[in-house]
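Student: Dumping the structure here so I can ask a few things about it.
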Amino acid sequence: MHLSRTLFVVSVLTTLMLIGRGFAAEDFSQFCRDTFGVKQEPLTTHLAGDELRIIPEGVWTHFSENSATLAIESNLPMISHVEYGETDALGSKSEPTERPFYLHIHRLTGLQTGKTYHYRIVGTDERGKTVASNTNTFTLEKVKDAIYLPNPQQPAAPFRLDQADKTYILTQDIVASGTAISIVAAGVTLDLNGHTVTYNDVAGNDADGKTQQEFGFVATQGVQGVRCGYAARGSAKLLNGTIRQGKGNGGYGSIPVYFRGTEIAGVTIEYHGPQVSGVYGEVKDFHHNIINDSGSELTNRHQGVEAIGGATNVHHNLVKRARQRAVNAISSSKISHNELYVDSCATNSFGIMFYKSTKCEATENRIFGRGYLMIGIGTVSEGVADIKVSKNLIHLQSHKPDERWAEYGAQSGAYGVRVTWGGNNIEYADNVIVSKGRDGGMVRGVWFCPTPKIENVSFKRNLIKVEVENATSDKWGAIVVSGDNTPDAKPGLFEGNTIWSNFCHVRLGEEYGTGVNARFVNNTFIRTGEDERYATVICGFGNFNNEGTVFLDTKLEGGASFDRVKWEGEGRNNFKVGRVVDGKDVIDKEYKPG
């Protein structure tokens, strides 16, 4: 369980360098197959529709000299493959995806320059329904004035790309003991041509005295697959291939892609070392990539590990697994149409995290997760402002607690969205949030932590389903309000939401803090199941004062009732129920213990 907020601060100071205990991650793909999708959760189709189809905006292709990357997006998860050939009879078939996905990014390799190929992408969903793209063609052509790697001047890695405004093309897979490729000129396009770059195949760091001056501090901390020097800033492109960490198993700094450029697209990124992130630096457009983090170890969860960091326009990426954060959103970024899976190995893991970010949007993403402390989307820290989170599907599952992280002992938590530590002008609207717990795992659908430094926060028109699946899970609730123990905390607005729960719709106060000043307007609470532990509202914890919350124009269905209230703790606990009449609150009843 979490510590109280007072103990939490002490814990942060004393556990800064806690190391993850490590665990087997091989079952994650099967866990996702068994837990997420249309068969497991009917709300999966709410935003997407019930009929399987291809979304035209998600189609993207890239054709190189001997390879092609072909991508589509489906509205529902499906297993997909490519059918292709030199005639419209097709005849060849790629390997199918290992589990159902919404984003389908396939790479064809070993093709011949000058030839025309026909292709289509075919998918089948969990219910056996099949959909196919149109049959299209492409012709592979030589790239004018390309520089090929390897070549007589650079016969083996590491390669240094120092000719400005040139396209470099790989002609074979390459393996580097340390850093593989350095881009040190402006306007360089690196086309991997479907090949695999393996870096860090031997333990060690190849940085020299000039590395920091040319590439920056991070490059001195490890080795990289592809890295950009300052001379490449704002102009480099990376396309069409795989970058994979090798047997050297380097830690922080041993990043697959350390980039400063305009675009990364059609790239598969695989890594496993301790405290290793996937992409770090500056990227204007990061799209149609696949990232797979197979590691489990963190040496510093506050420093953080993320699959995608430093990118402005992040769209149509498939993160098959991340150990802590899938996307660390920077200011002025748009995060859209991504499919993100997180296997939380440490405290404060996120599908999308907004930390000191401003003027951002997260829309139409699909986020799935499990593990130690999993949060779908979170706005955290002072300075976060002007954030809009809309039309995302978040489906999380907590499970039997384990000790993959030492900070709070054995636990597992699945928390849909979270606002804490500060923020201004934050809106969560029209999202679908599902959080389920079993075998002692904890759940929160919306986790709002009011303080005097958090204001103008609203949750509107969301569908929220939070349920416990057996008797050993009973914490915390569908909507949890737990912040500073002060009446000066700014109110949060919950308006027009529909909330399902079989154990608790609203929790006012719990071990993380006090539930104060929440404003609920025109929400629908629907009880599911017949669990005798059910309460529409649970109010109180310890000696916290949980006051100031009001419920207006509430619809109660399936057995939900304000007569089903549990009072806990020894502080001042109360809430009010009423209506809005001519724009004014009319209070019908105040509820308090006794």
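Student: To two decimal places, what compactness ratio does the stretch 283-441 give when its Cα radius of gyration is scaled by 2.2 N^0.38 Å?
Tutor: Relative to the 2.2 N^0.38 Å estimate, the stretch 283-441 comes out at 0.95.
Student: For helix 5-14, what angle does its Cα long axis make with the longest principal axis of the chain, in degrees from 0 to 90 and rounded to 10?
Tutor: The angle comes out at about 30 degrees.
Student: By what distance, in whole Å, do the Cα atoms of the stretch 256-312 stretch along each of the three principal axes, largest value first?
Tutor: 31, 20, 13
Student: Mind checking the per residue accessible area of the chain for me, 1.4 Å probe, whole number of Å²?
Tutor: Averaged over the residues of the chain, the accessible area is 37 Å².
Student: To make sure I understand the rule: partners must be aspartates and glutamates, Cα under 15 Å from the Cα of residue 115, and not fewer than 8 residues away in the same chain. Which ones qualify?
Tutor: Leaving aside aspartates and glutamates fewer than 8 places away in the same chain, those within reach of residue 115 are 65, 86, 88, 141.
Student: Say R0 is 60 Å: what FRET efficiency, to the nearest 0.05, do residue 135 and residue 570 get from their beta-carbon distance?
Tutor: Approximately 0.30, to the nearest 0.05.
Student: Still on this structure, I have one more. Calculate the all-directions average of the projected area of the stretch 439-594's alpha-carbon convex hull, and give it in nm².
Tutor: 8.6 nm²
Student: With every protein chain present, what accessible area does residue 135 have (1.4 Å probe, heavy atoms only), rounded to the nearest 10 Å²?
Tutor: 70 Å²
Student: Can you list the lysines whose alpha carbon sits under 20 Å from that of residue 589, skipping same-chain ones fewer than 8 residues off?
Tutor: 555, 566, 576
Student: Got the relative contact order for the stretch 406-458 handy, in percent, Cα pairs under 8 Å and 6 or more residues apart?
Tutor: Contact order relative to length: 51 percent.
Student: With an 8 Å cut-off on Cα pairs and a minimum separation of 6 or more residues, tell me the relative contact order of the stretch 66-169 in percent.
Tutor: On the way: 185 pairs, mean separation 26.6, N = 104.
About 26 percent, as a whole number.
Student: Sticking with this one: Per the helix-only calculation at 222 nm, which mean residue ellipticity applies to the chain, given -39500 (n - 2.57) for every DSSP H run of n ≥ 4 and division by its residues, nearest 500 deg cm²/dmol?
Tutor: On the way: 3 runs with 23 residues, N = 594.
Dividing the helical sum by the residues of the chain leaves -1000 deg cm²/dmol.
Student: In percent, what relative contact order does the stretch 476-594 have, based on Cα pairs under 8 Å that are 6 or more apart in sequence?
Tutor: Reported as a whole number, the value is 23 percent.
Student: Which value in Å does the Kirkwood hydrodynamic radius of the stretch 321-369 take, with 1/r averaged over all unlike C-alpha pairs and then inverted?
Tutor: 10.9 Å
Student: Continuing with the same structure: Run the dipole for the stretch 460-549 about the Cα centre, Lys and Arg Cβ at +1, Asp and Glu Cβ at -1, nothing else charged, and hand back the magnitude in debye, nearest 20.
Tutor: For the stretch 460-549, the charge dipole is close to 380 debye.
Student: If a paramagnetic tag sat 7 Å from the Cα of residue 186 along the Cα-Cβ line, which residues of the stretch 148-171 would have the backbone N under 14 Å from that point?
Tutor: Flagged as within label range: 163-166.
Student: Give me the log10 of I(q) over I(0) for the chain at q = 0.11 Å⁻¹, as the Debye formula computes it from C-alpha points; what are the numbers?
Tutor: The Debye formula, applied to the Cα set alone, gives -1.00.
Student: Only Lys, Arg, Asp and Glu count, each charged at its Cβ (+1, +1, -1, -1), so figure out the dipole size of the chain about its Cα centre, rounded to 20 debye.
Tutor: Dipole of the chain, to the nearest 20 debye: 440 debye.
Student: Rounded to the nearest Å, what's the spacing between the alpha carbon centres of the stretch 393-439 and the stretch 456-510? Just the number, please.
Tutor: If you average the Cα positions of each part, the centres end up 12 Å apart.
Student: Largest first, what is the accessible-area ranking of 81, 104 with a 1.4 Å probe? Provide the component values of the computation, followed by the final result.
Tutor: Numbers: 81 25, 104 0 Å².
Sorted by accessible area, descending: 81, 104.
Student: Report in % the part of the accessible area of the chain that belongs to carbon and sulfur, leaving out ligands and nucleic acids; probe 1.4 Å.
Tutor: Here carbon and sulfur together make up 47 percent of the probe-accessible area.
Student: Which entries in 320/475; 142/391; 490/584; 247/388; 129/436; 237/388 show an alpha-carbon gap greater than 31 Å?
Tutor: As for pairs spanning more than 31 Å Cα to Cα, those are 142/391; 247/388.
Student: Now for a different question. In the chain, what % of DSSP beta bridges are antiparallel (nearest 5)?
Tutor: Details: 40 of 203 bridges.
For the chain, the DSSP antiparallel bridge percentage is about 20.
Student: Same structure, new question: To the nearest 10 square angstrom, what accessible area does residue 228 show with a 1.4 Å probe?
Tutor: Number for this one is 0 Å².
Student: Straight-line reach only, C-alpha to C-alpha below 16 angstrom: list the aspartates and glutamates that residue 93 could link to, leaving out same-chain residues fewer than 8 apart.
Tutor: Result set, ordered by chain and number: 83.
Student: I'd like the GluC sites (Glu not before Pro) in the stretch 501-534 restricted to DSSP loop residues with at most 15 other Cβ atoms within 10 Å, sorted by number.
Tutor: 530, 532
Student: With charges set only on the Cβ (+1 for Lys and Arg, -1 for Asp and Glu), what does the dipole of the stretch 205-275 come to about its Cα centre, in debye to the nearest 20?
Tutor: Numbers: 7 positive and 5 negative charges, 18 e Å.
Value, rounded to 20: 80 debye.
The values are calculated or read from the model by the stated rules, or taken from the named source; none is laboratory data. Since this is a predicted model, take the numbers as computed values, not measurements. Note: ideal-geometry Cβ built from the backbone for every residue, glycine included; neighbour counts use all protein chains shown. These accessible areas exclude ligands, DNA and RNA; they are computed on the full protein's heavy atoms, side chains included. Shrake-Rupley method; radii C 1.70, N 1.55, O 1.52, S 1.80 Å.
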